[in-house]
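In what follows, a structure is listed as structure tokens, so that the remarks can point back to it.
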Amino acid sequence: MTLPPLKQRFAELIAAPSVSCTQAHWDQTNRPVIDLLAGWLGDLGFDPIRTVTHFTGRTAIIILFITLTVTPARRITGWNPLIKVRRLIGLFAFFYATIHFLIYAVFDRELSLAGLGEDIAKRPWITVGFTVFLILLTLAITSPQAMVRRLGKRWQTLHRLIYVAAGLAVLHFTWAQKKDIRLPLIYAAVLAVILASRLALRPRKAVRREM
């Protein structure tokens, strides 16, 4: 749909009632202006909910990747203080994943537990995405130092699930795109490079122990 000329759009904005006042008889709210702008953005194909959903999802994956690069970067640079920020970066990934999930749950499914359950059960990309969210939730809950001490050796085993979360996150992204999967394939390639670098830079003793 073609938008009206710029002059006409300005005229419509000026004509739209938008007086905000604490006194009820003067207050006109800004809703007409908001509706007008939303209509124009919609005509341009801009879907704010979809845009924010995709942004938060991609950001969560990117931060998850950054979390996985901390150890290789530390081994390459020898700068041990890097390890201190790894947990914080991981929590940022969980934060964006939570926002991503809440946008879907609130605006797409309107907090309907039945609708959420149906999507998780019947839509593979939702199933995978929800699995990633549960993994990140588990890692976030067990990230405090008190949980590290409580779980002991099991903590490290549990937190290796971050590799599973990263792989499933890329799969979720790929499935959700449906048609154009060029960007998800780039993400998959980046993840492969990160995992290869982690494997290549592992201490020899750790490798021998696993062999």
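The values are calculated or read from the model by the stated rules, or taken from the named source; none is laboratory data. All values reported here derive from a predicted model rather than from experimental measurement. In this analysis, Cβ positions are derived from the backbone assuming ideal geometry, glycine residues included, and neighbour counts consider all displayed protein chains.
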Inset, instruction - For the range 104-116, state whether one or more residues are in a helix (DSSP H, G or I), more than 18 Å from ARG202 (Cβ to Cβ), within 13 Å of the chain's Cα centre (by Cα) and in the same structural domain as ALA200 (by TED's automatic domain parsing). - result: yes
Inset, instruction - Would you tally the residues in the range 93-119 being closer than 17 Å to VAL132 by Cα and surrounded by fewer than 16 Cβ atoms within 10 Å (Cβ to Cβ)? - result: 2
Inset, instruction - Please go through the range 162-187 and pick out each residue that is surrounded by fewer than 17 Cβ atoms within 10 Å (Cβ to Cβ) and either of a type in the set (A, V, I, L, M) or free of Cβ contacts under 8 Å to residues at least 60 places away in the same chain (or both). - result: VAL164, GLY167, GLN177, LYS178, LYS179, ASP180, ILE181, ARG182, LEU183, LEU185, ILE186
Inset, instruction - Please give the number of the condition LEU137 fails out of (1) surrounded by 15 or more Cβ atoms within 10 Å (Cβ to Cβ); (2) at pLDDT 95 or above; (3) within 13 Å of GLY90 (Cβ to Cβ). - result: (1)
Inset, instruction - State all residues of the range 51-66 that are among the hydroxyl-bearing types (Ser, Thr, Tyr) and closer than 16 Å to PHE133 by Cβ; if no residue qualifies, say none. - result: THR53, THR56, THR59
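Among the candidates ALA146, ALA169, ALA176, which residue alone is among the aliphatic types (A, V, I, L, M), under 15 Å from the mean Cα position of the chain (by Cα) and closer than 20 Å to LEU88 by Cα?
ALA169
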Legend entry - Where a residue in the range 92-103 is without any contact (Cβ under 8 Å) to a residue 40 or more places away in the chain and its partner, wherever it lies, is among the aliphatic types (A, V, I, L, M) and surrounded by fewer than 23 Cβ atoms within 10 Å (Cβ to Cβ), with Cβ under 7 Å and at least six apart: PHE92/ILE63
Legend entry - Flag for GLY115 being on the phi > 0 side of the Ramachandran plot and of a type in the set (Gly, Ala, Ser): no
Inset, instruction - Just name the residue that is surrounded by the fewest Cβ atoms within 10 Å (Cβ to Cβ) out of those in the range 61-91 that are within 18 Å of ALA200 (Cα to Cα) and in contact (Cβ under 8 Å) with a residue 40 or more places away in the chain. - result: ILE76
Inset, instruction - Working carefully through the options THR77, THR69, THR98, THR131, find the one that is over 20 Å from TYR163 (Cα atoms) and of a type in the set (Ser, Thr, Tyr). - result: THR77
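Of all residues in the range 47-60, count the ones that are part of a helix (DSSP H, G or I), free of Cβ contacts under 8 Å to residues at least 24 places away in the same chain and more than 8 Å from the chain's Cα centre (by Cα).
Final tally of qualifying residues: 3.
Any residue that is in contact (Cβ under 8 Å) with a residue 12 or more places away in the chain and outside any helix (DSSP H, G or I) - is there at least one of those in the range 134-145?
For the range 134-145, residues in contact (Cβ under 8 Å) with a residue 12 or more places away in the chain and outside any helix (DSSP H, G or I): present.
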Inset, instruction - Name every residue in the range 188-202 that is under 20 Å from the mean Cα position of the chain (by Cα) and free of Cβ contacts under 8 Å to residues at least 60 places away in the same chain, in order of residue number. - result: ALA188, ALA189, ALA192
